[in-house]
1. Surrounded by 18 or more Cβ atoms within 10 Å (Cβ to Cβ), within 25 Å of residue 405 (Cα to Cα) and of a type outside the set (D, E, K, R), is that true of residue 301?
2. Please work out which residue is farthest from residue 103 (Cα to Cα), limiting yourself to region 137-181 and to residues that are modelled with pLDDT of 95 or more and aliphatic (A, V, I, L, M).
3. List, please: which pairs have Cβ atoms under 6 Å, are six or more places apart or on different chains, and start with a residue in region 245-260 that is over 20 Å from residue 196 (Cβ atoms) and end with one that is open to solvent by less than 20 Å² (accessible area, probe 1.4 Å) and part of a helix (DSSP H, G or I)?
4. Here is a list of conditions, (1) open to solvent by 40 Å² or more (accessible area, probe 1.4 Å); (2) touching a residue at least 40 places away in the same chain (Cβ under 8 Å), and residue 86 meets all of them except one; can you say which number that is?
5. Restricting attention to helices (runs of 4 or more DSSP H) lying wholly within region 152-252, give those where 2 or more residues are touching a helix residue (DSSP H, G or I) at 6+ places or on another chain (Cβ under 8 Å) and within 17 Å of residue 386 (Cα to Cα).
6. Given the residues 116, 122, which is the only one that is in a helix (DSSP H, G or I), touching a residue at least 12 places away in the same chain (Cβ under 8 Å) and open to solvent by 30 Å² or more (accessible area, probe 1.4 Å)?
7. Between a first residue in region 152-166 that is open to solvent by 20 Å² or more (accessible area, probe 1.4 Å) and a second residue that is modelled with pLDDT under 85, which pairs have beta carbons less than 8 Å apart while being 6 or more apart in sequence or on different chains?
8. Residue 319 - would you say it is within 12 Å of the chain's Cα centre (by Cα), at pLDDT below 90, part of a helix (DSSP H, G or I) and of a type outside the set (A, V, I, L, M, F, W, C)?
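The values are calculated or read from the model by the stated rules, or taken from the named source; none is laboratory data. Just so you know, these numbers come straight off a predicted model, no measurement behind them. Every residue, glycine among them, receives a Cβ derived from its backbone with ideal geometry; neighbour counts consider all protein chains shown. Heavy atoms of the whole protein, side chains included, go into the accessibility calculation; ligands, DNA and RNA do not. Shrake-Rupley method; radii C 1.70, N 1.55, O 1.52, S 1.80 Å.
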Amino acid sequence: MASNYEYEEGPAASNERESGGESGYDPNIVADSVKSFVVHMYRHIREKNVYEIHQMCETSFQSISERLFKETPWPSVEAIAPYVDNDHVFCLLYREMWFRHLYARLSPTLKQRIDSYDNYCSLFQVVLHGVVNMQLPNQWLWDMVDEFVYQFQSFCQFRAKLKNKTEQEIALLRQHDKAWNVYGVLNFLQALVEKSCIIQILEHDKHGLEQFTATDGYDYSGGSNVLKVLGYFSMVGLLRVHCLLGDYHTALKWLQPIDITQQGVYTSVIGCHIATIYHYGFANLMLRRYLDSVREFNKILLYIFKTKQYHQKSPQYEQLLKKNEQMYALLALCLSLCPQPKLVDDSVSSQLRDKYGEKMMRMLRYDDEAFGIYDELFSYACPKFITPSPPCFEEPLVNYNQDAYRLQLKMFLYEVKQQQLLSGVRTFLKVYSSISLAKLANCMEVDEPTLRTILLTYKHKTHSVDSDGRIISNADIDFYINNDMIYVVESKPAKRYGDFLLRQIAKLDGVINDMDRVKLE
């Protein structure tokens, strides 16, 4: 079916190009391919044809954008409305795609940013309070939540750059002070979670009382998947928003209903899968739960390493590569602060050495150069933190868009500074199975009371509180003191024979397939 609207090159197509850009953008001109696109899309949505809707969003929309709207917006919603029976919900969906394309290709004006927020409000109000009888692809529903959070972040950054704002922009910001308000954004995401009852659905799913995960959230009994799946993805959206605000406990709390140790609906959309693990890993890094970060970063990086060639034609491919690089940087930070190389797969470890091997060696020295590298990697890999509060227009107008980032960087580097003394302790503990306090104090050139303080700090910094409130150890080296003697306990992870066996089976399968392809003379 997709071939029906992969448009032929002919006289009509050349006319479209002229209307698309060279003779100036006119929002009221609807090219034949755009007309065909919206008519087909409208029909497929009415028929709940999820496969065709997905093809149109991912392939046709991108191809028309590339050909006709590389540097201009799509036609206005008023121009296409007559071709879709002026359907209110379809027009809201079209505007959602219209603004997403605008943000991706152009630089939106302040008025367009505000209009996009109003459109999301209207769209979510319909989902929350109307009767929605649609099945939409998971990819599109994820894109809605993802773009909603991205545009909120983008607006906060834009608003915080006050120095070069015109008087008209200042007046518009004053007039629309509720646009992209942090409480409004959080309220919509929370309302979608609560109204969808997704937390209860996932709980029932665990006990076999629901088929949400097995059906990837789709409703094959003729119902709608929109509210349920939007509620599901909104939990990931809330994880991301609270990370942007620097509230890591609340961020992880919203993700708790999703079991990220298992396959789920979040893994059905590669962008959602990566965003979930990236923000989960970053939040745990900031809470000193390094082992949780390392385990999940290792799994997702291994997954990307094995599958990224299948996503090369995806519109999300560049974002996938960027997040992949950022997660390697975060993994380097985690392993420098909490050396646990045994938790990292050989393929990931090899990639990590190629990218950051030399820097990780220098980071262990904890001198000024090492702190510079910690600063560099954190700045490259962290989310774009936001200050959600509106500016005070009465005071001199200054840019404050970097304030939140500087605060999080300061907190992170303060944590790194506190780890400085611990590297020396760890070096000695790796050498001895037992050593007296006096001897270790002499080796480290400190007195015994100072050494006790350092050892207590080591205990504190290598332990953290998990999401269930239990105290867990992140250390590969632990110790206890008895009668002024330190006894060292080295943790030895259980050997995972199953993983080794599976890898060898996979290799054997590959060899057999290669042999099957060889034609003997």
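1. Against the criterion (surrounded by 18 or more Cβ atoms within 10 Å (Cβ to Cβ), within 25 Å of residue 405 (Cα to Cα) and of a type outside the set (D, E, K, R)), residue 301 does not qualify.
2. Here the residue is 141.
3. If the second residue must be open to solvent by less than 20 Å² (accessible area, probe 1.4 Å) and part of a helix (DSSP H, G or I), the pairs left are 246/408; 248/283; 252/283.
4. All conditions pass for residue 86, except number (2).
5. Because the criterion is at least 2 residues that are touching a helix residue (DSSP H, G or I) at 6+ places or on another chain (Cβ under 8 Å) and within 17 Å of residue 386 (Cα to Cα), the helices (runs of 4 or more DSSP H) in region 152-252 that meet it are 182-196, 226-245.
6. None of the others qualify; the one that does is 122.
7. Final answer for the pair search is 163/397; 163/398; 165/397.
8. yes
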